[in-house]
1. Which one is modelled with the lowest pLDDT, of the residues in segment 53-111 that are under 15 Å from ILE132 (Cα atoms) and among the β-branched types (Val, Ile, Thr)?
2. Among the residues in segment 35-48, are any touching a residue at least 24 places away in the same chain (Cβ under 8 Å) and more than 21 Å from SER133 (Cα to Cα)?
3. Taking segment 40-59, which residues are closer than 23 Å to GLN25 by Cα and either part of a strand (DSSP E or B) or not β-branched (Val, Ile, Thr) (or both)?
4. Does ALA62 fit the bill of being over 21 Å from GLY136 (Cα atoms), in a strand (DSSP E or B) and either among the hydrophobic types (A, V, I, L, M, F, W, C) or in contact with a strand residue (DSSP E or B) (Cβ under 6 Å, 6 or more places away or on another chain) (or both)?
5. Give me a count of the residues in segment 3-39 that are in a loop (DSSP other than H, G, I, E, B) and either modelled with pLDDT of 50 or more or within 22 Å of the chain's Cα centre (by Cα) (or both).
6. I'd like the residue in segment 65-92 that is touching a residue at least 40 places away in the same chain (Cβ under 8 Å) and not hydrophobic (A, V, I, L, M, F, W, C) and, out of all such residues, is surrounded by the fewest Cβ atoms within 10 Å (Cβ to Cβ).
7. Taking segment 72-97, which residues are assigned to a strand (DSSP E or B) and under 11 Å from the mean Cα position of the chain (by Cα)?
Amino acid sequence: MSTMKLSALLLLALIATVGCGSSNQASLGTVTGILLVDGQPARAGINLEFDPVEKGVRGSTATTNAAGQFEAEYSITRKGVRLGQCVVKLVPPETVPTAGSGKRKLPFPEQYYDEIQQVDITSGHTSLELAISKSGT
């Protein structure tokens, strides 16, 4: 089978699997909040991830503004987070300097890149206050 025919078949299979229209869209709840670092609003540009506990489903992201506030986005065109339990965590910066030992040196303690806290997203609006510490306590 030619590469072109195989590509066309794969594309048709993908369209059939994914479908189209609003009936296949995930149910989302809007999520806004503030990230506090040692009790003070975080600086602008800290990235957060909302990772659903349910495996195999898409998560959401958010970025803090200059006041430490954020609003979660599911996609470029949809704001919110998939309903249900999710783990909120920091996203490591793309460029991370290394310490003398060669180990990456993250701006915050490593534990926050695994989990800040677990939250239950419900329909409607969820407002979060997330608190982390530079010392990790």
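The values are calculated or read from the model by the stated rules, or taken from the named source; none is laboratory data. Fair warning: this is a prediction, and the values are worked out from it, not measured in the lab. Positions of Cβ are generated from backbone atoms using ideal geometry, with glycine treated the same way; all protein chains shown enter the neighbour counts.
1. Looking at the filtered set, the residue picked out is VAL91.
2. no
3. Residues of segment 40-59 that are closer than 23 Å to GLN25 by Cα, as a first pass: 48-59.
Selection gives LEU48, GLU49, PHE50, ASP51, PRO52, GLU54, LYS55, GLY56, ARG58, GLY59.
4. So ALA62 fits the description; yes.
5. 5
6. Here the answer is ARG78.
7. As a first pass, look at segment 72-97 and keep what is assigned to a strand (DSSP E or B): 73, 79, 81-82, 84-90.
Those that are assigned to a strand (DSSP E or B) and under 11 Å from the mean Cα position of the chain (by Cα): GLU73, VAL81, ARG82, CYS86, VAL87, VAL88, LYS89, LEU90.
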